[in-house]
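A quick write-up on the structure given underneath.
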Amino acid sequence: MMRFALALAVLAGMAVGAEAEIVVATGGSVRVLDRMTGVVSDYDLAPGQEQPVGKLKVRLDECRYPSDQPTGEAYAHLTISDASQLDPIFKGWMVASSPALSALDHPRYDVWVLHCDVPVSAEPAPADTTTSGKGSGG
């Protein structure tokens, strides 16, 4: 409960000072660490899509990002189920920049959100690294 209140406070603080619109993405990426094997796997998921991971099923319910930082932040609502339990073992929002804020508490797996899918037009343009002037000398 305390974690949930803290997550709401952080998200509210971001929204109060932010003038950017929050955009719902067409999908997102999550990373899963199997602590027993050391294997790290990344999964690209569409909203509603489930990814089996061992006895777990990771479902991306929704992914959101601020319009002024499309590649810099992500908020994903995940539902994570364990085959041995009826109720989900995690259901809530994860924040890419603060994965420990609302984390899955599982003895074998760590799951966190990496980013939301953003349209190419929303991504910042690469910096121009060419020089337009000629070298001095001569």
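The values are calculated or read from the model by the stated rules, or taken from the named source; none is laboratory data. If you're wondering where the values come from, they're calculated on a predicted model, not measured in any experiment. Using ideal geometry, Cβ is built from the backbone for each residue, glycine included, and neighbour counts are taken over all protein chains shown.
Contact map, the range 27-42: residues that are under 19 Å from Asp105 (Cβ atoms) paired with residues that are assigned to a loop (DSSP other than H, G, I, E, B), Cβ distance under 6 Å, separation 6+ or inter-chain. Pairs shown: Arg35/Arg108; Met36/Arg108.
Here is a list: Thr79, Thr37, Thr131. Which entry is modelled with pLDDT of 95 or more and out of contact with any strand residue (DSSP E or B) (no Cβ under 9 Å at 6 or more places or on another chain)?
Numbers: Thr79 fails: out of contact with any strand residue (DSSP E or B) (no Cβ under 9 Å at 6 or more places or on another chain); Thr131 fails: modelled with pLDDT of 95 or more.
Every option except Thr37 fails the conditions.
Taken over the range 69-115, the residue count meeting the criterion of being buried (at least 18 other Cβ atoms within 10 Å of the Cβ), of a type in the set (Ser, Thr, Tyr) and under 13 Å from Gly28 (Cα atoms) is 1.
Taking the range 55-103 as the range and being of a type in the set (Ser, Thr, Tyr) and within 21 Å of Leu33 (Cα to Cα) as the test, the residues that pass are Tyr75, Thr79, Ser81, Ser84, Ser97, Ser98, Ser102. Just so you know, in the range 42-57 the residues that are surrounded by 13 or more Cβ atoms within 10 Å (Cβ to Cβ) and out of contact with any Ser or Thr (no Cβ under 8 Å at 6 or more places or on another chain) include one that is farthest from Cys116 (Cα to Cα), and it is Gly54. Checked against (1) modelled with pLDDT of 95 or more; (2) under 18 Å from the mean Cα position of the chain (by Cα), Asp87 meets all criteria but (2). Would you confirm whether any residue within the range 8-17 is outside any helix (DSSP H, G or I) and either modelled with pLDDT of 95 or more or surrounded by 13 or more Cβ atoms within 10 Å (Cβ to Cβ) (or both)? No, there is no match, as no residue in the range 8-17 is outside any helix (DSSP H, G or I) and either modelled with pLDDT of 95 or more or surrounded by 13 or more Cβ atoms within 10 Å (Cβ to Cβ) (or both).
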